[in-house]
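To start, the structure itself, in structure tokens.
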Amino acid sequence: MSNVNKYTDFNNDDMNINEPHEYYIEKRDFTSLEAWIKCREVKIFFYQEGIRFYRISRGSLYELKDHLIGCYDLVYIEITLKQEGEVLIESAKNYIEWIYQLC
């Protein structure tokens, strides 16, 4: 049985990287690592799902505002509660817009 490890040990003398050699191309940087490539795919997927989630959330906020106005019009709630709800809705919409600006 061989004592050969497919991983190299990191040591300051030769600056080897603790990665399987078959996944690392020394003439390239970390972007050649299979793990980095897979993580990037996952990150892009979750980024796209996040954008989709915020679009749906924004639509739900408009629906909530419509219900709030309807409750006020039918005298189920007082103006102060309607105004408090509108402030919260605007705050959530501003947060979503801030997220869009980051993207």
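The distance between label points at Asp29 and Lys93 comes to 4.2 nm (points 7 Å beyond Cα on the Cα→Cβ vector). I need the calculated FRET efficiency for the pair Val42 and Glu84, taking r as the beta carbon distance and R₀ as 30 Å, to the nearest 0.05. My answer for the efficiency is 0.15.
Please report the net charge: other residues with Cβ closer than 12 Å to the Cβ of Ile56, K and R +1, D and E -1.
After counting each charged neighbour, the total is +1.
Using packing as a proxy for protection, rank 85-94, 28-37 so that the peptide with the highest average count of other Cβ atoms within 10 Å comes first. Provide the component values of the computation, followed by the final result.
On the way: 85-94: 13.2, 28-37: 11.6.
The packing order, highest mean first, is 85-94, 28-37.
Taking the empirical scaling 2.2 N^0.38 Å for compact globular proteins as reference, segment 42-103 has a Cα radius of gyration ratio of 1.40. All other residues whose Cβ lies under 12 angstrom from that of Gly70 are scored, Lys and Arg at +1 and Asp and Glu at -1, for a net of -1.
Where a number appears in this text, it was derived from the coordinates with a stated rule and is not lab data. Values in this document were obtained by computation on a predicted structure and should not be read as measured data. In this analysis, Cβ positions are derived from the backbone assuming ideal geometry, glycine residues included, and neighbour counts consider all displayed protein chains.
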